[in-house]
1. Using 1/(1 + (r/R0)^6) with R0 = 22 angstrom and r between the beta carbons of SER280 and SER161, what's the FRET efficiency to the nearest 0.05?
2. Counting Lys and Arg as +1 and Asp and Glu as -1, what is the net charge of the other residues whose Cβ lies under 12 Å from the Cβ of ARG307?
3. What FRET efficiency, computed as 1/(1 + (r/R0)^6) with R0 = 35 Å and r the Cβ-Cβ distance, is obtained for HIS201 and ASP27, rounded to the nearest 0.05?
4. Can you check what the net charge comes to around VAL93, using other residues whose Cβ is under 12 Å from the Cβ of VAL93 (Lys, Arg +1; Asp, Glu -1)?
5. Translational diffusion coefficient, Stokes-Einstein: compute it for the range 108-203 using the Kirkwood radius over C-alpha pairs as Rh, at 20 °C and 1.002 mPa s, and state it as an integer in µm² s⁻¹.
6. Pull up the cross-link candidates among the aspartates and glutamates for LYS196, meaning alpha carbon to alpha carbon under 14 Å and not fewer than 8 places away within one chain.
7. Membrane-span-like helices in the chain: DSSP H runs reaching 27 Å or more (Cα, own axis), mean Kyte hydropathy at least -1.0?
8. So which chymotrypsin sites (Phe, Trp or Tyr not before Pro) in the range 221-296 are both in a DSSP loop and have at most 16 other Cβ atoms within 10 Å of their Cβ?
Amino acid sequence: MSKVKIGIIGSRFQADCIAASVRMMPDEAEVVAVASPSAGNAQAFAERHGIPAFYADYREMLKDPAIEMVSITAPNRLHAQMTIDAAAVGKHVVCEKPLCVTLEEADEMLAACSKAGVLLMYAEELFFAPKYVKAKQMADEGAFGRVHLVKQSEKHSGPHSDWFWDVNQSGGGALMDLGCHGIAFCWWFLGKPKVKSVYAHLSTQVHGNRTKGDDEALCIIEFEGGATGVVENSWTKPGGMDDTIEIFGDKGQTYADMLMGNALPTYSEVGFGYAVEKASTTTGWTWPVFEEHWNYGFPQEMRHFARCVRGKETPISDGETGRVVQEVLCAAYASAGLGRKITMPFRPMGIVKPIDLWLEPELAASRL
Ligand SMILES: NC(=O)c1ccc[n+]([C@@H]2O[C@H](COP(=O)([O-])OP(=O)(O)OC[C@H]3O[C@@H](n4cnc5c(N)ncnc54)[C@H](O)[C@@H]3O)[C@@H](O)[C@H]2O)c1
């Protein structure tokens, strides 16, 4: 069968990652177009990645009948409309995290894709990160007995683009941006059990002059069956990206440090080109990673999604995954706003963005 033809929406950080990842696993897919509104960006991206077509308006790109799958790497507030537009013209959708901003949007995205008969795939790359996949394989084999605690943590010094800091565009702070990974990870690792309750503590420790969002987040998730998930996130940690897991069962445990654990402990007095995402320096002691995209699982993720489009595999991360995460995000913001545990299901309708449930506790109280 021919390669799945992908159109990417967006031309910066995550778009680069997706284009590079597809090139690393070229047997199932190829990027044939990119769309991005800022003058010159789509063309420069196309030239950088050897992509034949580029557009300023993604709706123009969607008219290309050759494109089968769209990868959405635009800011969070645009995910829902872009998904609905792509589904309407019969394109399969890979949507970056978080799925969207509100639960109504999540419902509309799932309904639009289902009605159009296209796949909605949620780009949670941690389901494909080789070290984390190995941890899950061992757990599923019984290596740790009954797993009762799963911890995931992602931390860095703060996002690279202004829109992340503007909660009207992002929907929330570090929890929304990074916690979506940990929530999905704990849920997936434990075999996708129902979520029973969510408790969170959020604060803005360092970046209060730049954002209304949380820059430090702790979230505890109670799952049906009794296991606990702990998700820890920060936009306040200098020194580069940090991504780790800890798994505990009654017969054993495992720990994985995705980036520093795969890096070269390095000392340089003069510095060098690149160490790891969001590291501000390469002088002194640093932990330069190798095969960064591979260690995260991005090429493996895109290959899986392309194979799903060809009917060879079934998505292990889909719109429903994104919606589960979105509900936990809402519950976590409400929990932090009210200073109490939130029992699930919790589907606060009519809110503008999840973080409002933290910033306006009375809003959270009205949705209980
Ligand atoms: N899976 C991951 O680990 C991961 C990592 C980074 C970002 N992301 C997600 O990917 C998405 C994009 O993040 P990013 O870091 O690439 O942001 P970015 O700011 O680097 O890039 C955003 C891109 O969206 C484009 N854009 C803005 N408005 C648009 C429009 N109307 N039509 C088409 N394109 C438009 C911008 O021009 C830019 O190219 C976010 O949802 C983010 O949460 C996921």
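Please treat every number below as a calculation from the coordinates, not as lab data. Just so it is clear, the structure is predicted and the values come from calculations on it, not from any experiment. Note that each Cβ is placed from the backbone with ideal geometry, even for glycine, and that neighbours are counted across all protein chains shown.
1. Details: r = 16 Å, r/R0 = 0.75.
Efficiency for this residue pair is about 0.85.
2. On the way: positive: LYS3, ARG303, ARG310, LYS312; negative: ASP27, GLU28, GLU301, GLU313.
Counting the neighbours of ARG307, the net charge comes to 0.
3. Values: r = 45 Å, r/R0 = 1.29.
Efficiency for this residue pair is about 0.20.
4. Details: positive: LYS91; negative: GLU68, ASP85, GLU96, ASP318.
Net local charge, VAL93 excluded: -3.
5. Values: Rh = 16.0 Å.
Rounded to a whole number, D works out at 134 µm²/s.
6. In chain and number order, the partners are GLU222, GLU224, GLU327.
7. Details: long enough: 319-338 (28 Å, 0.54).
Membrane-span-like by this criterion, though nothing is claimed about a membrane: 319-338.
8. On the way: sites: PHE223, TRP235, PHE248, TYR255, TYR267, PHE272, TYR274, TRP285, PHE290, TRP294, TYR296; in loops: TRP235, PHE272, TYR274, PHE290.
Sparse-neighbourhood loop chymotrypsin sites (Phe, Trp or Tyr not before Pro): PHE272, TYR274, PHE290.
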